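Report on one structure; see the data block that follows.
The values are calculated or read from the model by the stated rules, or taken from the named source; none is laboratory data. Treat the numbers as computed from the prediction; the structure is a model and nothing was measured. Cβ: placed from backbone, ideal geometry, glycine included. Neighbour counts: every protein chain shown.
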Amino acid sequence: MKNAVGRDPWGLKNAAGRGAGLEDRRWTPFSMPDSENGVHPGVRHTFPMEQAELIWHNGEFVPWEEATVHVLSHGLHYGTGVFEGIRCYDTERGPAIFRHSDHLKRLEASAKLYYLDLPHTPEEIAGATKELIRRNGLRACYIRPLAFRGYGEMGLYAQSAPIEVTVAVWPWGAYLGDESKKHGIRAAVSSWRRISPAGLIPHAKASGQYLNSILAKTESANAGYEEAILLDERGFVCEGSGENIFLVREGELVTPPHTASILDGVSRRSVMQVARDLGYTVVERDVARAELYLAEEVFLTGTAAELVPVREIDDHELGEPGEITRRIQAKYEDALHGRAEEYLDWLDIVEVGSSDDAGRISTAATA
Ligand code: PMP
């Protein structure tokens, strides 16, 4: 049996069946899990989206509801956009954005790979983001920068359609849930293969490419699993629908290489560093599907999900999170939350109370 998706897909209706209205800034999720609808108890596939006050859109701070686009925007039709998923944590030193410049470097690289000329530098976007967090009064949030081809020209070589840039921030809990981080998730290998470098660019974080992840995620969610694991076009293990994957094999950490069509995850790189610093050997190599079932431990890493253990794959039981996963997860959480001295340079602190970045951005936006 499937989820009860579709009754009020955007969760805009309240219990009385009326639209929630803009004054109600919390959107309700469209499906809640229970054992009756066939979804594993405790599994949540959707989360309420909490709105903030402002979004940065083409150089301006605009009210959340007014950050809109034309229906003939190129990106809406062809998926011509690139984006990032970043997190800001509430630390002792103030709100801190994890590996901000690394994420924005990847945004810039994704844009370049798809011939999108960004009208703002990564530094300008970084400054706008910090000011946005300040103006929204947030201490911890998810950050979604997006650059896409906007309205102005249709067809596939629409060079004159402008590139729009937006940054939205909002509070967002762990993508696969806090319980999942403690006890692990159930995952299934997808019947969909990860996009191949022969046809698309796995290294880019591009909007249209996510149809692939959505197919895999939907299939696994409808079958009652929390996450999908995709194989690459050769049949080797690639990654989750929105996370990289690690296995523990004979005490060593193994993760698929760049040539296995992975996204070069910022969390993956960070976790590899943390694991090596803890004394573990980390090997990047092709992983056969059966190794998922034979592994001592398996976990996923991603900005939205953070570090999530996997306790079952394709109905093969791996069990509660193992010791190596636990140790790496604990240290990684310390790094994210600014509790690990050795990783403090991964954090970009948002100085609360200063308006310097705002000044820089308004100049950049009007230049
Ligand atoms: N793979 C895919 C397909 C993703 O969408 C993500 C999330 N950005 C990841 C891996 C993990 O990347 P990161 O650690 O940079 O969030």
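Among the strands (runs of 3 or more DSSP E) confined wholly to the stretch 174-279, which include 2 or more residues that are more than 12 Å from the ligand (Cβ to nearest atom) and buried (at least 24 other Cβ atoms within 10 Å of the Cβ)?
185-189
Where residues in the stretch 60-107 are of a type in the set (Lys, Arg) and out of contact with any Lys or Arg (no Cβ under 7 Å at 6 or more places or on another chain), which of them is surrounded by the fewest Cβ atoms within 10 Å (Cβ to Cβ)?
Looking at residues that are of a type in the set (Lys, Arg) and out of contact with any Lys or Arg (no Cβ under 7 Å at 6 or more places or on another chain), I get ARG93.
Go through the stretch 313-351 residue by residue and tally those that are in contact with a helix residue (DSSP H, G or I) (Cβ under 6 Å, 6 or more places away or on another chain) and either at pLDDT below 90 or outside any helix (DSSP H, G or I) (or both).
The number of residues fulfilling the criteria is 5.
Is there any pair with a first residue in the stretch 153-165 that is in the same structural domain as VAL71 (by TED's automatic domain parsing) and over 16 Å from VAL82 (Cα atoms) and a second that is exposed (fewer than 10 other Cβ atoms within 10 Å of the Cβ) and at pLDDT 95 or above whose Cβ atoms are under 7 Å apart and which are 6 or more apart or on different chains, and what are they?
Cβ pairs passing all conditions: GLU153/SER160.
Do you know which residues across the stretch 78-104 are over 19 Å from TRP170 (Cβ atoms), within 14 Å of the ligand (Cβ to nearest atom) and basic (Lys, Arg)?
ARG99
Take the stretch 184-243 and flag every residue that is touching a strand residue (DSSP E or B) at 6+ places or on another chain (Cβ under 7 Å), among the hydrophobic types (A, V, I, L, M, F, W, C), within 25 Å of ILE86 (Cβ to Cβ) and touching a residue at least 40 places away in the same chain (Cβ under 8 Å).
If the condition is that a residue be touching a strand residue (DSSP E or B) at 6+ places or on another chain (Cβ under 7 Å), among the hydrophobic types (A, V, I, L, M, F, W, C), within 25 Å of ILE86 (Cβ to Cβ) and touching a residue at least 40 places away in the same chain (Cβ under 8 Å), then ILE185, ALA187, ALA204, ALA206, ALA228, ILE229, LEU230, CYS238 are the ones that fit.
Go through the stretch 280-303 and give me each residue that's in a strand (DSSP E or B) and either at positive phi or surrounded by 22 or more Cβ atoms within 10 Å (Cβ to Cβ) (or both).
Scanning the stretch 280-303 gives GLU297, VAL298, PHE299, LEU300, THR301, GLY302.
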